[in-house]
Amino acid sequence: MEQKFNHFDEAGNAVMVDVSGKVPTHREAVARGEIRVSRPVLDAVLGKTASKGDVLGVARVAGIMATKHTSDLIPLCHPLMLSNATVDFVVHEERLAIEAVCTVKLDDKTGVEMEALTGVTVALLTIYDMCKAIDKSMELGDIHLVHKEGGKSGVYDRG
């Protein structure tokens, strides 16, 4: 079965998907990504000695704020009234990496995958911004959707 792209009208113009006929359901999405850093950056983050302040605390707030502004950044995303958004971090000292995980929830007519992906990306970008004075060679990567549930496509879990 060929999948129909629903962000285009019959004339090929980009359009917002019409969700007016859908019934609200519980939706949830989890995204993750990581930033690879140098030992001095990781030490500054863990020791809370970066000149711009508490890196993970600020990055958490930035990621949560980003989830609420996704429709301002991604042109065809619906503005959503989120019921919950979290950003958590796991430090992998042995790999000199910081993993960010963003979870977003709501009860509505459309999913929150883009909000979770935006939240995790902005959290990682905030870490970069707050630590670039120490070392500009940090690398963001492996940003992806881990889990989503709700809607007609059901549950998705990355294998």
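Within region 65-112, being of a type in the set (A, V, I, L, M), surrounded by fewer than 16 Cβ atoms within 10 Å (Cβ to Cβ) and under 17 Å from residue 145 (Cα atoms) holds for 74, 90. Of all the residues in region 116-129, those that are open to solvent by less than 30 Å² (accessible area, probe 1.4 Å) and under 17 Å from residue 98 (Cβ atoms) number 6.
If you check residue 61 against the conditions, is it out of contact with any Gly (no Cβ under 9 Å at 6 or more places or on another chain) and over 27 Å from residue 159 (Cβ atoms)?
Details: out of contact with any Gly (no Cβ under 9 Å at 6 or more places or on another chain): yes; over 27 Å from residue 159 (Cβ atoms): yes.
In short, yes.
Could you please let me know if residue 150 is of a type outside the set (Ser, Thr, Tyr), over 21 Å from residue 53 (Cβ atoms) and touching an Asp or Glu at 6+ places or on another chain (Cβ under 7 Å)? I'd like the intermediate steps shown before the answer.
On the way: of a type outside the set (Ser, Thr, Tyr): yes; over 21 Å from residue 53 (Cβ atoms): yes; touching an Asp or Glu at 6+ places or on another chain (Cβ under 7 Å): yes.
Spelling it out, residue 150 is indeed of a type outside the set (Ser, Thr, Tyr), over 21 Å from residue 53 (Cβ atoms) and touching an Asp or Glu at 6+ places or on another chain (Cβ under 7 Å).
Taken over region 109-159, residues that are within 19 Å of residue 69 (Cβ to Cβ) and modelled with pLDDT under 95 amount to 2.
Just to be sure before I move on: is residue 59 surrounded by 12 or more Cβ atoms within 10 Å (Cβ to Cβ) and in a strand (DSSP E or B) in the structure I sent?
Numbers: surrounded by 12 or more Cβ atoms within 10 Å (Cβ to Cβ): yes; in a strand (DSSP E or B): no.
Against the criterion (surrounded by 12 or more Cβ atoms within 10 Å (Cβ to Cβ) and in a strand (DSSP E or B)), residue 59 does not qualify.
When residue 90 is tested against (1) in contact (Cβ under 8 Å) with a residue 12 or more places away in the chain; (2) out of contact with any Ser or Thr (no Cβ under 9 Å at 6 or more places or on another chain); (3) closer than 19 Å to residue 33 by Cβ; (4) not charged (D, E, K, R), only condition (1) is not met.
Please specify each residue of region 130-150 satisfying the condition of being assigned to a loop (DSSP other than H, G, I, E, B) and open to solvent by less than 30 Å² (accessible area, probe 1.4 Å).
Within region 130-150, the subset assigned to a loop (DSSP other than H, G, I, E, B) is 132-138, 150.
138, 150 - these are the residues of region 130-150 that are assigned to a loop (DSSP other than H, G, I, E, B) and open to solvent by less than 30 Å² (accessible area, probe 1.4 Å).
Considering only residues that are modelled with pLDDT of 95 or more, aliphatic (A, V, I, L, M) and over 19 Å from residue 62 (Cα atoms), which ones fall in region 72-96? Hit for region 72-96 is 96, nothing else. Scanning region 15-53 for residues that are under 30 Å from residue 110 (Cα atoms), open to solvent by 80 Å² or more (accessible area, probe 1.4 Å) and small (Gly, Ala, Ser) yields a single hit, 20.
The values are calculated or read from the model by the stated rules, or taken from the named source; none is laboratory data. Since the structure is predicted, the reported quantities are computational estimates derived from the model, not experimental observations. Virtual Cβ from ideal backbone geometry, glycine too; neighbours counted across all protein chains shown. Surface areas here come from the heavy atoms of the whole protein model, side chains and all, with no ligands, DNA or RNA. Shrake-Rupley method; radii C 1.70, N 1.55, O 1.52, S 1.80 Å.
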